[in-house]
Amino acid sequence: NIVTPSDGTNPAVISVSSVEQSTPDSPFCQEPAVPASIITAAGGVDFVKVARIHGALMLIGWGFLLPSGVLVAKFFRLLPNGLWFKIHRAVQSLGLVCAIAGFIIALINFDVFSSGGGISFIHGCMGFTTMMLGMFQPLNAVIRPHPNQEGQEPNKLRTIWEIVHKSSGYGACLLAVCTIGIGTTLLPDVGDQRSYQMAYGIGAGCILCLLAAFRIHAKSKYNNVESGDLMSPLVADP
């Protein structure tokens with residue numbers, strides 16, 4: 001590999017003798033990934049660093065925290081005194097902060113929409129859609145109607161709100177899985193691609209196991225509460 005650094009007037013010239021091609025493990029990688037050492041030698045160290053930070057923030061936010069908050073709201077309503085809602089709100093807030101930070105980094109440093117096509121363009125469109133759905137969630141949470149009360153007529157506005165809030169949340173998390181999967185194949189360094197894919201798989205698996213164990217423990221502790229009984233005195237539905 002031959003690298004002629006930029007002299008401030010003429011651009012850097014890179015001659016690559018061999019690169020690692022995409023493999024069946026990374027089917028979305030349409031173009032060979034250039035090793036980080038070559039990008040660094042050509043003055044692209046900042047791009048590699050920014051890509052890693054963006055990927056890490058999105059992995060923490062959309063890969064781990066936000067899906068965990070959704071699962072808490074789905075399966076932990078049996079916790080007393082509305083504890084599930086407090087956990088859900090805290091985890092979602094932290095996850096959304098990480099995601100917004102990663103989104104801002106992408107908007108400032110990456111230009112994937114000018115190409116009008118390609119896997120980077122698809123990743124950008126999916127990521128933008130995911131973020132719009134994610135940022136919509138706290139906004140519609142603020143205007144949520146009062147929950148349905150026992151013995152009263154069902155609140156139609158509350159029912160509609162729950163459908164919108166839940167479906168958009170589930171949809172955003174599912175779309176995030178695909179977006180992260182594609183994004184890991186777009187990292188400049190092949191080694192980073194594999195590291196992020198392993199971190200995503202192992203991290204998500206560990207979180208699911210922990211949530212499952214906590215769910216079993218909570219159900220045994222509060223076994224007098226049926227998970228589907230949203231009107232139980234131990235369950236607070238904000």
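Pairs to check: LYS156/LYS221; LYS74/LYS156; LYS86/LYS156. Give those whose C-alpha atoms are more than 31 Å from each other in this structure.
LYS156/LYS221
Identify the chymotrypsin sites (Phe, Trp or Tyr not before Pro) of the stretch 54-140 meeting these criteria: DSSP loop state and at most 12 other C-beta atoms within 10 Å of the C-beta.
Listed in order of number, the matching sites are PHE113.
At 37 °C and 0.692 mPa s, what whole-number value in µm²/s does Stokes-Einstein give for the translational diffusion of the stretch 65-131, with Rh from the Kirkwood sum over Cα pairs?
239 µm²/s
What number comes out for accessible area per residue over the stretch 155-225 if the probe is 1.4 Å? Units Å², please.
So the stretch 155-225 comes to 56 Å² accessible per residue, rounded to a whole number.
Using only Cα atoms, locate the centre of the stretch 83-111 and the centre of the stretch 112-166, then give the distance between them in Å, rounded to an integer.
Taking the Cα centre of the stretch 112-166 as reference, the centre of the stretch 83-111 is 14 Å away.
State in Å² the accessible area per residue of the stretch 70-121; use a 1.4 Å probe, count heavy atoms of protein chains only, and round to the nearest integer.
52 Å²
The values are calculated or read from the model by the stated rules, or taken from the named source; none is laboratory data. Because the structure is a prediction, the values reported are computed rather than measured. Counting neighbours? That spans all protein chains shown, and the Cβs are built from the backbone with ideal geometry, glycine included. Heads up: the accessible areas ignore ligands, DNA and RNA and are worked out on the full protein's heavy atoms, side chains in. Shrake-Rupley method; radii C 1.70, N 1.55, O 1.52, S 1.80 Å.
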